[in-house]
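Have a look at the structure below, then the notes.
The values are calculated or read from the model by the stated rules, or taken from the named source; none is laboratory data. Note that this is a predicted model, so its numbers are computed, not measured. Cβ sites come from the backbone with ideal geometry, for glycine too, and all protein chains shown count toward neighbours.
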Amino acid sequence: MGIESLIPFGLDAESGQLVDVGSVKRGNACGCICPSCQTPLVARHGDEKEWHFAHRSQNVHTETRKECKYSFAVSVRLMIRQLSNDGLKFRTPRLERSLPAFSEDSYESADFGYFVTEESLLTLEEVQVGANFSGVTVDVLGLVAGVPFVVFVTYKDRTLPSELKNPSITKCGVVELNVNDVPGLFKQEEKGQYKEVLRRYIEEESNGKAWAYHPREQRLREVATANRKSWLLRQKTEAKAYTSNRRHCQNQVVSMVASSSKESYGSVERSIGNYICVMCKSTWTGTSRICKKCNTHLYATEN
């Protein structure tokens, strides 16, 4: 069983706050319950397996409130919400996209990239967790310089709603935070201090984060799209001009060959002398080497 199947955070029954398994007493003395089903938890500080919480299985059935849907991912998501309430900073990822292009006229390829923003460390103000934004319940909603900023946590069974990719409030930022890589980070922590590991991950790392919506992206994409369209048109125009020029050159070559042939023939016409056709034995004097009887100069010789 991997750490992704275990529970790293429990709810302290006295304070009502989520705590990691490394910050409580071992066993039943941890004083924690499951935030989903209210079942008491046991803190397991093992030497071989990663430290984790588990539901107590003996003499606690009367305290269980409902079917438990608590899992590693849900546990991490709830802790992210709590960290946000405590004044969490959030590192946003770099955003740069590209529009590929291929011209069927010139058989050339190009890439029209557009840069939106670098990585940045944001401090969220007036934070709300579980708030409604654009018709969706989001994990974190705060303000950055007065502009709404949203964090939505995703994992295997929880995907980003389409409403957040095109929110009703256009001046905002939405970042998807995928926690599928978090188990690997927790696995490196030997004493169950998962809360600080998660905090550092959110504040210092950009892995697992992606912009679902950035207020400047649409405008920059429109510029890149226009440049792409202009390039394709230019490729078509240049390809057409090249084809036209090539045909013109071919026609000039044909004309030059014809002219050269005519001049060669003309030189035959301008010869002066006495001629005899070796084919029909006709003789004549004049400027033409053409035998009038055979109608060709091929058999004419000059006497």
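A few remarks follow.
- Taken together, the residues in the range 185-204 that are closer than 20 Å to Ala43 by Cα and in a helix (DSSP H, G or I) amount to 8.
- Test for Val116: is it closer than 30 Å to Leu6 by Cβ and part of a strand (DSSP E or B): no
- For Glu108: the one exception among (1) of a type outside the set (Val, Ile, Thr); (2) in contact with a strand residue (DSSP E or B) (Cβ under 9 Å, 6 or more places away or on another chain); (3) surrounded by 13 or more Cβ atoms within 10 Å (Cβ to Cβ); (4) at pLDDT below 90: (4)
- Looking only at the range 105-143, residues that are among the hydrophobic types (A, V, I, L, M, F, W, C) and closer than 17 Å to Pro167 by Cα come to 7 in all.
- Residue count for the range 130-170, restricted to those that are part of a strand (DSSP E or B), among the small types (Gly, Ala, Ser) and without any contact (Cβ under 8 Å) to a residue 40 or more places away in the chain: 0.
- Selection status of Val127, of a type in the set (Val, Ile, Thr) and part of a strand (DSSP E or B): yes
- Conditions (1) assigned to a loop (DSSP other than H, G, I, E, B); (2) of a type outside the set (A, V, I, L, M, F, W, C); (3) in contact with a helix residue (DSSP H, G or I) (Cβ under 7 Å, 6 or more places away or on another chain); number of the one not met by Gly87: (3)
- Pairs where the first residue, in the range 285-303, is closer than 10 Å to Asn274 by Cα and the second is surrounded by fewer than 16 Cβ atoms within 10 Å (Cβ to Cβ) and of a type in the set (S, T, N, Q), C-beta under 7 Å, 6+ apart: Thr285/Asn274; Thr287/Ser271; Arg289/Ser271; Glu302/Asn274; Asn303/Asn274
- Residue match in the range 182-197 (condition: touching a Phe, Trp or Tyr at 6+ places or on another chain (Cβ under 9 Å), modelled with pLDDT under 95, buried (at least 20 other Cβ atoms within 10 Å of the Cβ) and at positive phi): yes
- Hits in the range 5-15 (condition: closer than 27 Å to Asp181 by Cα and either of a type in the set (S, T, N, Q) or over 40 Å from the mean Cα position of the chain (by Cα) (or both)): Ser5, Asp12
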